[in-house]
Amino acid sequence: MHTVRRRIIPTINSSSIFLYKSIERRLFPQGSSSPPILQKEQISSADKMAKPISIEVWNPSGKYRVVSTKPMPGTRWIRLLSDQDCRVEICTDKKTILSVEDILALIGDKCDGVIGQLTEDWGEVLFSALRRAGGTAFSNMAVGYNNVDVDAATKCGVAVGNTPGVLTETTAELAASLSLAAARRIVEADEFMRAGLYDGWLPHLFVGNLLKGQTVGVIGAGRIGSAYARMMIEGFKMNLIYYDLYQATRLEKFVTAYGQFLKANGEQPVSWKRAATMEDVLREADVISLHPILDKTTYHLINKESLSIMKKDAILVNCSRGPVIDEAALVEHLKVNPMFRVGLDVFEDEPYMKPGLAELKNAIVVPHIASASKWTREGMATLAALNVLGKIKGYPVSTDPNQVEPFLDEKSSPPAVCPSIVNAKQLGLPSSKF
């Protein structure tokens with residue numbers, strides 16, 4: 001990387017926010033046509049935020065101003081925007097979660113689009129500010145958008161993008177990992193070893209649950225739930241019971257075919273069952289993974305009553321949405337049922353955990369990392385950028401938001417289509433099957 005000596009240039013914009021610009025020159029990856037300039041700006045405003053916010057600027061002469069509220073993995077998303085005449089401003093402030101006031105300052109007087117994060121509160125205040133700044137595009141770098149008031153965005157004429165399709169296998173893999181870690185008490189055993197407590201093999205030391213031949217329960221057999229089920233069935237030869245409002249025909253066919261394969265090879269076949277109620281899954285399954293959407297009907301879907309239905313040594317996994325579980329009730333259940341174990345990637349009041357959860361040995365907790373594989377996170381960044389770019393350029397919206405491969409193929413240019421806009425119909429945006 002080649003760097004030139006920095007120059008500090010104080011300027012003032014129309015909102016009296018001081019900008020201090022330090023300029024570095026860095027080379028883009030070979031073959032890129034983007035200008036080889038990285039320009040950092042630090043914004044300070046006593047009346048708008050408590051601390052200065054630092055910004056990296058790519059392609060500073062770009063016609064369209066696109067703001068990313070966080071640095072995102074990879075550089076392809078930056079190149080795609082820069083190549084289409086976008087000035088890309090990336091907030092590099094060390095605050096984990098930006099406030100509404102922080103984001104208002106980032107939007108400023110002129111902004112064509114914003115890439116935001118699921119930790120941010122995107123409501124009427126921000127969408128109104130974005131629209132006043134001339135912006136019509138916002139995308140979450142996430143498949144979920146519970147942090148977004150879509151109605152407010154639509155009212156302001158702002159398209160809301162998300163990033164489905166790219167998270168399926170990665171999220172399912174983490175759910176499977178938590179299932180196995182809980183079943184075999186891996187985290188407990190690791191802590192035991194690190195504490196220097198191991199002084200020899202014992203017959204009862206960290207005895208856990210065998211998964212082979214047991215029943216895995218899936219609540220919400222959509223793309224992620226079905227992918228998880230396949231991993232557990234094919235990997236551990238578990239039987240399946242699932243509950244979903246819609247029949248998971250492809251999943252059923254897979255389990256049937258796999259069962260026939262096992263039988264033909266002299267092994268015990270696996271089976272599947274579609275439960276009439278969620279309670280049937282809770283009663284029968286040894287391992288239960290939650291994959292529903294979050295709405296009024298699924299809030300506290302798992303509560304004191306539903307926990308009491310489950311087996312005393314069951315395993316519960318949640319990589320969907322935190323408020324699906326009544327976390328306080330779960331803590332109490334874990335305390336009185338030491339053989340009951342959970343693996344949690346999401347939390348009711350994220351980033352906080354309910355009192356007592358962190359101290360429980362029969363709970364495995366990880367910080368919302370279900371999508372945290374390199375390929376997936378870089379793909380999410382690319383899709384979010386293309387949602388914003390597509391709306392700015394007037395591209396139609398894909399009719400299949402889960403068809404992500406054409407957008408992620410680095411050997412070719414992405415289609416001139418928005419990958420996924422959740423309020424496309426409300427805004428009357430054109431669509432394309434490409």
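The values are calculated or read from the model by the stated rules, or taken from the named source; none is laboratory data. Computed from a prediction, not measured in an experiment: that's the story for all the values here. Neighbour counts are summed over all protein chains in view; Cβ atoms, including those assigned to glycine, are modelled from backbone coordinates with ideal geometry. The accessibility values were calculated without ligands, DNA or RNA, using every heavy atom of the protein model including side chains. Shrake-Rupley method; radii C 1.70, N 1.55, O 1.52, S 1.80 Å.
Let me check against my output: what whole-number percent is the relative contact order of segment 72-202, with C-alpha pairs under 8 Å and at least 6 apart?
17 percent
Aspartates and glutamates near LYS94 by alpha-carbon distance under 16 Å, same-chain residues fewer than 8 away left out - which ones?
The qualifying aspartates and glutamates are GLU41, GLU56, ASP102, GLU120.
Which trypsin sites (Lys or Arg not before Pro) in segment 61-102 sit in a loop by DSSP (not H, G, I, E or B) and have at most 11 other Cβ atoms within 10 Å of their own Cβ?
When the trypsin sites (Lys or Arg not before Pro) of segment 61-102 are filtered for loop state and at most 11 Cβ neighbours within 10 Å, LYS63, LYS94 remain.
Counting Lys and Arg as +1 and Asp and Glu as -1, what is the net charge of the other residues whose Cβ lies under 10 Å from the Cβ of LEU307?
The answer is -2.
With a cut-off of at most 14 other beta carbons within 10 Å, and DSSP calling the residue loop, which trypsin sites (Lys or Arg not before Pro) in segment 185-224 qualify? Please list them.
LYS212
Which of (1) 23.2, 84; (2) 24.4, 77; (3) 22.3, 71 is the computed Rg and Dmax of the Cα atoms in Å for the structure on display?
Identified label for the calculated read-out: (2).
What does the charge add up to near LYS237, with Lys and Arg as +1, Asp and Glu as -1, over the other residues with Cβ less than 9 Å from its Cβ?
For residues surrounding LYS237, the net value is -1.
Quick one: divide the alpha-carbon radius of gyration of segment 86-137 by 2.2 N^0.38 Å and tell me what you get.
1.06
Kindly report the accessible area of segment 78-180 per residue (heavy atoms of protein chains, probe 1.4 Å, no ligands, DNA or RNA), in Å².
On a per-residue basis, 35 Å².
Check cross-link reach from LYS354 to the aspartates and glutamates: straight Cα distance under 16 Å, and skip same-chain residues fewer than eight apart.
Partners within reach: ASP326, GLU327, GLU332, ASP345.
Based on alpha-carbon centroids, what's the gap between segment 299-361 and segment 197-248 in Å, whole number please?
Using only Cα atoms to place each centre, the spacing works out to 17 Å.
On the Cα set of segment 51-205, report Rg and Dmax in Å, please.
When restricted to Cα atoms, segment 51-205 yields Rg and Dmax of 21.3, 69 Å.
Of LYS253/LYS374; LYS296/LYS335; LYS212/LYS311, which ones are farther than 26 Å apart at the Cα?
LYS253/LYS374; LYS296/LYS335
Could you work out the equivalent-ellipsoid semi-axes for segment 287-390, taking the square root of 5 times each eigenvalue of the Cα gyration tensor, largest first, in whole Å?
30, 15, 12
Show which lysines lie in cross-link reach of LYS391 when reach means a straight Cα distance below 22 angstrom and same-chain residues fewer than eight apart are skipped.
Qualifying lysines at Cα under 22 Å: LYS63, LYS70, LYS110, LYS155, LYS425, LYS433.
From the backbone phi of segment 140-156, what are the Karplus-calculated ³J(HN,Hα) couplings (6.51 cos²θ - 1.76 cosθ + 1.60, θ = phi - 60°) in whole Hz, Gly and Pro given as x?
Each residue's phi maps through the Karplus curve to give 6, 8, 5, 7, x, 8, 5, 7, 10, 8, 5, 5, 5, 4, 4, 4, 8 Hz.
Summarise the long-distance tail of P(r) for segment 219-354 by giving the % of C-alpha pairs beyond 22 Å.
Every Cα pair in segment 219-354 considered, those over 22 Å come to 38 percent.
Enter the accessible area per residue of segment 244-392 (Å², integer; probe 1.4 Å; all protein chains in place).
49 Å²
Only bridges whose two residues both fall in the chain count here: according to DSSP, what percent of them are antiparallel, nearest 5?
So the antiparallel bridges in the chain amount to around 35 percent.
Can you give me the % of accessible surface on the chain that is carbon or sulfur? Probe 1.4 Å, all protein chains present, nothing else counted.
Carbon plus sulfur share of accessible area: 54 percent.
Where does the Debye-calculated log10 I(q)/I(0) of segment 130-204 sit at q = 0.15 Å⁻¹, using only Cα point scatterers of equal weight, no solvent?
Here the Debye-derived log intensity ratios amount to -0.70.
Looking at segment 367-434, which trypsin sites (Lys or Arg not before Pro) are in a loop (DSSP not H, G, I, E or B) and have at most 11 other Cβ atoms within 10 Å?
LYS411, LYS433
Sorted from largest down, give the three principal axis spans of the alpha carbons of segment 359-434, whole angstrom values.
Ordered largest first, segment 359-434 gives principal extents of 52, 34, 19 Å.
Rg and Dmax of segment 197-260 over Cα atoms: what are they, in angstrom?
Calculated on Cα positions, Rg and Dmax stand at 15.9, 52 Å.
Pop out the ³J(HN,Hα) list for segment 62-75 in order, Karplus 6.51 cos²θ - 1.76 cosθ + 1.60 with θ = phi - 60°, rounded to Hz; leave Gly and Pro as x.
For segment 62-75, the Karplus curve yields x, 6, 9, 9, 10, 10, 10, 6, 9, x, 10, x, x, 10 Hz.
With a 1.4 Å probe and all protein chains kept in place, how do TYR145, TYR395 rank by accessible area, largest first?
Final ranking, largest accessible area leading: TYR145, TYR395.
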